[in-house]
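The values are calculated or read from the model by the stated rules, or taken from the named source; none is laboratory data. Since this is a predicted model, take the numbers as computed values, not measurements. Using ideal geometry, Cβ is built from the backbone for each residue, glycine included, and neighbour counts are taken over all protein chains shown.
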Amino acid sequence: MNRYFYLFLILLVAGRCFGQNVVPYSLYLMNQSALNPAYIGVNNLANVTAMSRKQWLGIDGSPLTTTLMGSSTISMHSAAGLRLMSDSYGINTDTEVIANYAYHINFDDDHNLSFGLQGGFLSSTINYSKLDVDVFDDPSVGTGKQSEFTPSFGFGAMYKSNFFYLGVAVPQVTNSNLQTNGVQTRNLYQSYNVTGGFIITTVRTVKIKPSFLVSYSHNDLLVDLNGQVLIDEKIWLGASIRNFGAGGVNILFTENNMFHFGYSFQFPFNELATVGYGTHEVIISADLKLGKRHDLSGRYF
């Protein structure tokens with residue numbers, strides 16, 4: 001009986017954590033390519049970003065997500081990128097490989113409209129050896145590692161200036177149901193993202209950036225409201241609220257308009273606050289000038 005309780009608990013937690021197709025990072029504010037393929041290249045530079053998110057620290061089997069993203073403009077009107085993601089929760093591990101392409105229409109130096117496409121695959125693996133069971137050869141539980149694959153496709157659009165952006169995307173176009181050994185391990189549902197933000201200049205050395213993310217997938221709605229203050233073009237201090245059920249704070253450092261280092265702490269307002277240590281997230285990002293057209297004069301999004 002013990003083994004069935006653990007299996008049920010793991011699947012329940014996994015379903016609760018990953019109803020959203022896109023892992024809900026907090027520090028997407030400096031790289032939105034995981035939310036919208038049209039984002040790549042909008043800042044006219046090359047970029048490499050690594051992000052890691054540990055949700056519900058202190059709870060066994062809680063999700064750990066690590067993402068590596070790279071992108072670059074490849075001509076005056078186009079950009080390409082690649083995203084790798086590893087997502088571990090309980091006895092499950094999801095690995096995603098996504099390629100992006102974006103086409104840009106430049107109205108002037110400050111305004112452009114971008115259209116993006118993405119495609120790749122998701123591999124979902126369940127490792128039964130991590131289960132603490134009473135009978136090791138129980139055929140109803142399974143043994144070893146088993147994996148399933150499914151394709152993933154999406155598209156999006158984004159309008160951006162130096163001080164404003166608005167994006168819409170369908171990062172997952174089709175529905176997929178992954179099963180391993182008869183056990184449902186992952187559902188991919190059609191999803192929709194809307195993002196937006198703008199810059200308010202108060203005094204010369206202080207800027208304010210309100211922004212939002214609205215994500216919908218299979219009756220799950222995520223609303224993320226953010227506010228950040230930029231001090232002396234170097235330090236971002238921010239706060240956020242998610243679905244009015246969790247709050248967060250974040251800090252990012254920018255050096256030479258090239259390197260960005262950030263940390264976010266998110267805390268729930270429900271009973272999880274008493275059994276864990278919140279959700280922690282880090283980001284390291286580098287803006288690179290690999291081509292003559294690349295611009296490292298600084299960016300806010």
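Can you name the residue in region 259-271 that is at pLDDT below 95 and surrounded by fewer than 14 Cβ atoms within 10 Å (Cβ to Cβ) and is also farthest from residue 223 (Cα to Cα) among such residues? Looking at the filtered set, the residue picked out is 271. Candidates 198, 149: the one that is modelled with pLDDT under 95, within 30 Å of residue 38 (Cβ to Cβ) and touching a Phe, Trp or Tyr at 6+ places or on another chain (Cβ under 6 Å) is 149.
Across region 158-169, the qualifying residues are those that are surrounded by fewer than 17 Cβ atoms within 10 Å (Cβ to Cβ) and part of a strand (DSSP E or B), and the one among them that is modelled with the lowest pLDDT is 164. Looking only at region 223-268, residues that are in contact with a strand residue (DSSP E or B) (Cβ under 6 Å, 6 or more places away or on another chain) and part of a loop (DSSP other than H, G, I, E, B) come to 3 in all. Residue count for region 236-258 under the criterion of being at pLDDT 95 or above and surrounded by fewer than 13 Cβ atoms within 10 Å (Cβ to Cβ): the result is 1.
Going through (1) out of contact with any strand residue (DSSP E or B) (no Cβ under 7 Å at 6 or more places or on another chain); (2) under 27 Å from residue 145 (Cβ atoms); (3) among the hydroxyl-bearing types (Ser, Thr, Tyr) one by one, residue 75 falls short only on (2).
Residue by residue, here is whether (1) part of a strand (DSSP E or B); (2) over 20 Å from residue 292 (Cα atoms) holds:
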residue: 50; (1), (2): yes, yes
residue: 56; (1), (2): no, yes
residue: 60; (1), (2): no, yes
residue: 70; (1), (2): yes, no
residue: 76; (1), (2): no, no
residue: 79; (1), (2): yes, no
residue: 84; (1), (2): yes, yes
residue: 97; (1), (2): yes, yes
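Just to be sure, is residue 296 surrounded by 13 or more Cβ atoms within 10 Å (Cβ to Cβ) and not in a strand (DSSP E or B)? Judged against the criteria, residue 296 is a match. Restricted to region 33-61, and to residues there that are crowded, with 19+ Cβ neighbours inside 10 Å and over 30 Å from residue 105 (Cα atoms), the residue that is modelled with the lowest pLDDT is 56. Cβ-Cβ distances below 7 Å connect the following pairs, each with a first residue in region 202-226 that is surrounded by fewer than 13 Cβ atoms within 10 Å (Cβ to Cβ), a second residue that is at pLDDT 90 or above, and a separation of six or more residues or different chains: 202/208; 205/231; 205/232. Within region 68-118, the set of residues being touching an Asp or Glu at 6+ places or on another chain (Cβ under 8 Å) and not polar (S, T, N, Q) comprises 83, 84, 85, 87, 94, 96. Applying the criterion of being among the charged types (D, E, K, R) and under 24 Å from residue 44 (Cβ atoms) to the residues of region 107-130, the residue that is nearest to the chain's Cα centre (by Cα) is 110.
Here region 62-80 is the region considered, the condition is being in contact with a Lys or Arg (Cβ under 9 Å, 6 or more places away or on another chain), modelled with pLDDT of 95 or more and of a type in the set (A, V, I, L, M), and the residue that is surrounded by the fewest Cβ atoms within 10 Å (Cβ to Cβ) is 68.
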